[in-house]
Amino acid sequence: MRRAVMALCAASLALAAAVAPASPASAVRQAAEPNYRVDVVNHSGFGLDEVDLAVARFSDPVIRLQTQRHVVSGATASFDLGPCSDVRQFAASAFIGNREVLHTGNINPSPSCHTQIEITHT
């Protein structure tokens, strides 16, 4: 089930990446450009076995998956997605065992270069 959900996230991001216009490419990125950060905060009262983040970038045709395991109640899983202007879309999922307790769908990046997702119940 988990692999099917991850494949579905990756497929939907790939479709979105295929139809979205390309970002203006810059040969040299400004050194001061911040990285995009996604925080998944676990307020559920239960430990999460796994938090996954699928990210589509303008510079990379492949959807990349980042994973953090064993996120206890009250903890935050933080993901660094790389340069802000390179992030096209991302999606998050969280699991307790094989049960998916969070699935965001595709999220467009915020101009603030930061997104916080809170899990309050499972």
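Throughout, read-outs are computed from the coordinates displayed, never taken from laboratory work. Values in this document were obtained by computation on a predicted structure and should not be read as measured data. Neighbour counts run over all protein chains shown; Cβ positions are idealised from the backbone, glycine included.
Miscellaneous remarks
- Sorted peptide list for 86-99, 64-77, criterion being average Cβ within 10 angstrom, highest first: 86-99, 64-77
- Here is the P(r) of region 53-107: all C-alpha pair distances, binned every 5 Å from 0, give 4, 17, 27, 24, 15, 9, 4 in whole percents.
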